[in-house]
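The values are calculated or read from the model by the stated rules, or taken from the named source; none is laboratory data. These numbers come from a predicted model, not from an experiment. Glycine gets a Cβ as well: all are built from the backbone with ideal geometry, and neighbour counts include every protein chain shown.
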Amino acid sequence: MKKIALKKFRLTKKVFSFPYILFLLLFVIVPLVLILINAFLDGDNHLTFANFKTFFSSPASTIVLGNSLLVGVITTLICLIIGYPVAYILSKMSSGRLIVLLYVLPMFINFLIRTLATKAIFIAMNVELGMGTVLFGMVYNYLPFMIMPLHTTISGIDKSYYEAAQDLGADKATVFLKTTLPLSVSGIISGITMVFIPTISSFAISQLLSNGKVFLFGDSIQLSFEQNLYGVGSIMSLVMLAFVLISNLIMNKFNANSDNVRRSLW
Amino acid sequence: MKKFSALLISAIALMICLIPLLAACNGQTSSTGARGADTLVIYNWEDYIDIGDNESGRNNICDDFCAYYKSVTGRNLNITYTTFDTNETMLTKVLKHDANVDLICPSEYAIEKLLTAGLLEDQAAMYAELKPQLDSLGVTLDGMSSIGAGDGNIEPDVMSVIKSQFGAVKSGDATLDMTRYMVPYMWGTLGILYNKKIISEEELEKYGWGVLWNIEGNEQLENKILMKDSVRDTYAAALFYMNEYDLLPEGYDDIASAQDLINITDDAMLKAAEAILTEQREHISGYEVDFGKDDMLNEIVYADFAWSGDALWAIEESYQEDSDYDDGCFLGYYCPTGTNPETGKGRFSNIWYDGWVIPTTVRNKLAAMMFIDYMCRPENAIRNSIEIGYTCAVAKDALASNDDVLAYIEDQEYDIDEYFDDIGRYPTINSSLGVMRDFGARNDALVNMWQRAKSGSGVDTSLFIILAVIIGAIALAIALYFAIQALRLRPRKIG
């Protein structure tokens, strides 16, 4: 019996995907199903819709969600405004790759330690902890995620495009606007995705850099689970998931529209 | 689609297989330890026991207990010591039957909750069951208050409060006396840890709980206050403040004692508390549960809503050789009691107790009972108390009349009279101090209130401003570009 089974087993390409499928099942599908089940259960494990009512009828949910989305949008915009010129300039430099490494270097240190250090610096500088410091922390943490894909995309653009544009009489600004910018859209899209989605769900940065005064959606989810409100916490997680999916869909749509070769680090 | 449903089915199947497996992982322990030794599994707060000191050669108190256990029973004992950081973490585990432990040390309301759920052992009954074995070993357990032989070594005042509040806890159809199920370990109050350089004693006397709302409008204190990131404690602070400043909702005008106030959780009170806590956000630095002591010591903040034990620990750490203050410490602890001189309303605070309980999952009953008794001995209680800063529940008289205890206090560089007369350590137990019960089904409403209070009254307007500025800047840059472009390309006159 065993022999036959062994004979049948062949080391194909498929086999190598099994560990990943198992991982996916264990740590993605199973928790998702658990969250879905918990959303419909009350404290005594009875079927209920009360959790939905609690969440959707409370103005606090909208406030927290609104704050989180705004923080996400602002962080993404600031990262893009800072990150694009950096990526652009670095891609024109011969030592650009090395300098990009410098930007990524802080990421090798755990983000909690970095955030705590940032907090200590703010306190030493007598800066009042609040929304400003939280935004700084977010931008600081997620900037490399914006620069990396942008740098890869921009440095991958064929030089002959610029040369052709220049030959045809375009000045520097026009060359940038008509060639570099359109050709780097895919980088911008993946940069935005990499920054926006983690920021709307982050919680430790806001908690640490504002002493818990800035209360974002991630904090709210954490509090619910901590206080044994698994039902409401699960619904919040689902709402979060919906937002992640929606933003992913929008980004993909954009990306499909740009006829660029998708080229990014990730 | 077929693939997806197959995936889903296998996921569910996997889940069913895994749940018992995960539960088994949580079990942590087996009933017999290495080489047939007995085991004892303790589940306690973090930093809540004397773990010894390498420099002075003091042992971990658990090791000392193991030695004592061996000397009495002749058997080896392995102690598995696990910790929790909040009552809720502990409750979630124990209520879901995920903790196979012999001893737990939660707060009084959590004990009530466990008792109501029928998860605790009656220690008096257990004592009767173990009596023959104990007699043959020559052990008496007379330090314990739960075995039906008086208060043991425990402070009678502490016992009478617990008896009056938790003497008749409903569990199903039965009415149970919680004093038979727990032995108090540590107790304390809630109050204000303050920096003497910024807040004077007169100000504390004048404003009481108002200090945490900076009602005085002290500019140095503004945004330099920390509150507890814990719903029950912060809610209590809101109640005390509302009572002191006559802000309670209608119908609650003349509350005579803290006990009457502290357990009100109806909708009107929650709403009032939410408004008060939302208002407080404007004046405080933030919420903490762990870094408050350090921030006070580093003078990053000047007032912290604190538990007495944490406060006493911080005060000792704030000692400086060349200090302007009598005791050499720049931090102080104030537990507001009495009346507010301006409003004439009572100042109340919270008194809490943590105690040892034996859950129904107990395996080593003898060791569990002996361990509690060992903790109730004056010489051991003082070790724990001095190490962690909290007040032990062992009677003051029993401590003060024990020569070993007095020697130990002096050895740790305390003045004996000062140690026992410290009002922060040994407050007067009277009607100004109330015990917080388990809020039961109202707890969810309380947590929802806390969520709302923490989210603030509306979406942060500064975010809109920042967003508008960024978008404005981008628009300006684009407009500028086109303007320059237009200027450059404008038709020029020749000649």
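Quick grid of which residues meet (1) modelled with pLDDT of 95 or more; (2) closer than 17 Å to B:Ile423 by Cβ; (3) touching a helix residue (DSSP H, G or I) at 6+ places or on another chain (Cβ under 7 Å):
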{"site": "B:Gly172", "(1), (2), (3)": "no, no, no"}
{"site": "B:Gly188", "(1), (2), (3)": "no, yes, yes"}
{"site": "B:Leu193", "(1), (2), (3)": "yes, yes, yes"}
{"site": "B:Lys197", "(1), (2), (3)": "no, no, no"}
{"site": "B:Glu201", "(1), (2), (3)": "no, yes, no"}
{"site": "B:Glu205", "(1), (2), (3)": "no, yes, no"}
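Residue check, B:Asp404 against (1) out of contact with any strand residue (DSSP E or B) (no Cβ under 6 Å at 6 or more places or on another chain); (2) in contact (Cβ under 8 Å) with a residue 60 or more places away in the chain, all met but one. Which one?
(2)
Would you mention how many residues in the range A:127-173 are within 12 Å of chain B (Cβ to nearest Cβ) and either of a type in the set (S, T, N, Q) or touching a Pro at 6+ places or on another chain (Cβ under 7 Å) (or both)?
1
Scanning the range A:61-77 for residues that are at the interface with chain B (Cβ under 7 Å from one of its Cβ atoms) and touching a residue at least 40 places away in the same chain (Cβ under 8 Å), which turns out farthest from A:Gly191 (Cα to Cα)?
The first filter runs over the range A:61-77 and keeps only residues at the interface with chain B (Cβ under 7 Å from one of its Cβ atoms), leaving A:63-64, A:66-67, A:70-71, A:73-74, A:77.
Next cut, touching a residue at least 40 places away in the same chain (Cβ under 8 Å) only: A:64, A:67, A:71, A:73-74.
Details: A:Val64: 25, A:Asn67: 21, A:Val71: 16, A:Val73: 13, A:Ile74: 14 Å.
Restricting to residues being at the interface with chain B (Cβ under 7 Å from one of its Cβ atoms) and touching a residue at least 40 places away in the same chain (Cβ under 8 Å), the top hit is A:Val64.
So, in the range A:131-181, exactly how many residues are outside any helix (DSSP H, G or I), among the aliphatic types (A, V, I, L, M) and farther than 17 Å from A:Met93 by Cβ?
The number of residues fulfilling the criteria is 2.
In the range B:247-300, which residue that is of a type in the set (S, T, N, Q) and crowded, with 19+ Cβ neighbours inside 10 Å is farthest from B:Thr337 (Cα to Cα)?
Applying the filter and picking the extreme gives B:Ser285.
Could you tell me which residue of the range A:78-96 is nearest to the other protein chains (Cβ to nearest Cβ), considering only residues that are over 16 Å from A:Lys159 (Cβ atoms) and touching a residue at least 12 places away in the same chain (Cβ under 8 Å)?
Filtering the range A:78-96 for residues that are over 16 Å from A:Lys159 (Cβ atoms) and touching a residue at least 12 places away in the same chain (Cβ under 8 Å), the one nearest to the other protein chains (Cβ to nearest Cβ) comes out as A:Ile78.
Any idea how many residues of the range A:46-60 are of a type in the set (Ser, Thr, Tyr) and within 10 Å of chain B (Cβ to nearest Cβ)?
Step one: filter the range A:46-60 for residues of a type in the set (Ser, Thr, Tyr), giving A:48, A:54, A:57-58.
From what's left, within 10 Å of chain B (Cβ to nearest Cβ): A:54, A:58.
So the count comes out to 2.
As an exercise: evaluate B:Asp304 against (1) surrounded by 22 or more Cβ atoms within 10 Å (Cβ to Cβ); (2) modelled with pLDDT under 95 and give the number of the one condition it does not meet.
(2)
Against the definition (closer than 29 Å to B:Ser71 by Cβ, touching a residue at least 40 places away in the same chain (Cβ under 8 Å), out of contact with any Cys (no Cβ under 9 Å at 6 or more places or on another chain) and crowded, with 17+ Cβ neighbours inside 10 Å), how does B:Val101 come out, yes or no?
yes
Kindly check whether there is at least one residue in the range B:426-440 that is of a type in the set (D, E, K, R) and within 14 Å of chain A (Cβ to nearest Cβ).
yes
Go through B:Ile262, B:Ile284 for me and flag whichever is farther than 25 Å from B:Glu201 by Cβ and in contact with a helix residue (DSSP H, G or I) (Cβ under 8 Å, 6 or more places away or on another chain).
Of the residues listed, the single one that is farther than 25 Å from B:Glu201 by Cβ and in contact with a helix residue (DSSP H, G or I) (Cβ under 8 Å, 6 or more places away or on another chain) is B:Ile262.
On the basis of being touching a strand residue (DSSP E or B) at 6+ places or on another chain (Cβ under 9 Å), under 22 Å from B:Gly434 (Cα atoms) and within 14 Å of chain A (Cβ to nearest Cβ), does B:Phe305 make the cut?
Criteria met by B:Phe305.
Out of the residues in the range A:210-229 that are out of contact with any Gly (no Cβ under 7 Å at 6 or more places or on another chain), assigned to a helix (DSSP H, G or I) and at the interface with another protein chain (Cβ under 9 Å from one of its Cβ atoms), which is farthest from A:Ser68 (Cα to Cα)?
Ranking the candidates gives A:Glu226 first.
Given the conditions (1) more than 9 Å from chain A (Cβ to nearest Cβ); (2) closer than 30 Å to B:Asp229 by Cβ; (3) surrounded by 10 or more Cβ atoms within 10 Å (Cβ to Cβ), which single one is not true for B:Ser462?
(1)
Hey, can you tell me all the residues within the range B:191-250 that are within 14 Å of chain A (Cβ to nearest Cβ) and basic (Lys, Arg)?
B:Lys224, B:Lys228, B:Arg232
Could you please let me know if A:Val104 is within 23 Å of A:Val195 (Cβ to Cβ), among the aliphatic types (A, V, I, L, M) and modelled with pLDDT of 90 or more?
On the way: within 23 Å of A:Val195 (Cβ to Cβ): yes; among the aliphatic types (A, V, I, L, M): yes; modelled with pLDDT of 90 or more: no.
Answer is no for this residue.
Would you pick out the residues in the range B:168-177 that are touching a residue at least 12 places away in the same chain (Cβ under 8 Å), in contact with a strand residue (DSSP E or B) (Cβ under 6 Å, 6 or more places away or on another chain) and more than 19 Å from B:Arg232 (Cβ to Cβ)?
Passing the criteria: only B:Leu176.
Just checking, how many residues over the range B:32-80 are closer than 22 Å to B:Lys93 by Cβ and either at pLDDT below 90 or loosely packed, with under 12 Cβ neighbours inside 10 Å (or both)?
3
Just one of the numbered conditions (1) crowded, with 20+ Cβ neighbours inside 10 Å; (2) more than 20 Å from A:Val244 (Cβ to Cβ) is not true of A:Leu105; which one?
It is condition (1) that A:Leu105 fails.
For (1) out of contact with any Leu (no Cβ under 8 Å at 6 or more places or on another chain); (2) of a type in the set (A, V, I, L, M, F, W, C); (3) over 18 Å from A:Gly212 (Cα atoms); (4) touching a residue at least 12 places away in the same chain (Cβ under 8 Å), each residue gets a yes or a no:
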{"position": "B:Thr179", "(1), (2), (3), (4)": "yes, no, yes, yes"}
{"position": "B:Tyr185", "(1), (2), (3), (4)": "yes, no, yes, yes"}
{"position": "B:Asn195", "(1), (2), (3), (4)": "no, no, yes, yes"}
{"position": "B:Glu216", "(1), (2), (3), (4)": "yes, no, yes, yes"}
{"position": "B:Glu222", "(1), (2), (3), (4)": "yes, no, no, yes"}
{"position": "B:Arg232", "(1), (2), (3), (4)": "no, no, no, yes"}
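Just for the range B:441-456: of the residues that are more than 8 Å from every other protein chain (Cβ to nearest Cβ), closer than 21 Å to A:Leu65 by Cα and small (Gly, Ala, Ser), which one is surrounded by the most Cβ atoms within 10 Å (Cβ to Cβ)?
B:Ala453
What tally of residues in the range B:43-63 results from selecting those that are more than 15 Å from B:Asp411 (Cβ to Cβ) and assigned to a strand (DSSP E or B)?
3
Say we look at the range A:108-151 and pick out the residues that are surrounded by 15 or more Cβ atoms within 10 Å (Cβ to Cβ) and of a type in the set (Gly, Ala, Ser); which of these is nearest to the chain's Cα centre (by Cα)?
A:Gly137
Name the single residue that is farthest from the other protein chains (Cβ to nearest Cβ) among those in the range B:273-288 being under 17 Å from B:Leu446 (Cβ atoms) and of a type outside the set (Gly, Ala, Ser).
Initial filter on the range B:273-288 (under 17 Å from B:Leu446 (Cβ atoms)): B:273-278, B:280, B:287.
Applying the additional criterion that residues be of a type outside the set (Gly, Ala, Ser) yields B:274, B:276-278, B:280, B:287.
Details: B:Glu274: 10, B:Ile276: 16, B:Leu277: 12, B:Thr278: 10, B:Gln280: 11, B:Tyr287: 4 Å.
If we take residues in the range B:273-288 being under 17 Å from B:Leu446 (Cβ atoms) and of a type outside the set (Gly, Ala, Ser), then B:Ile276 is farthest from the other protein chains (Cβ to nearest Cβ).
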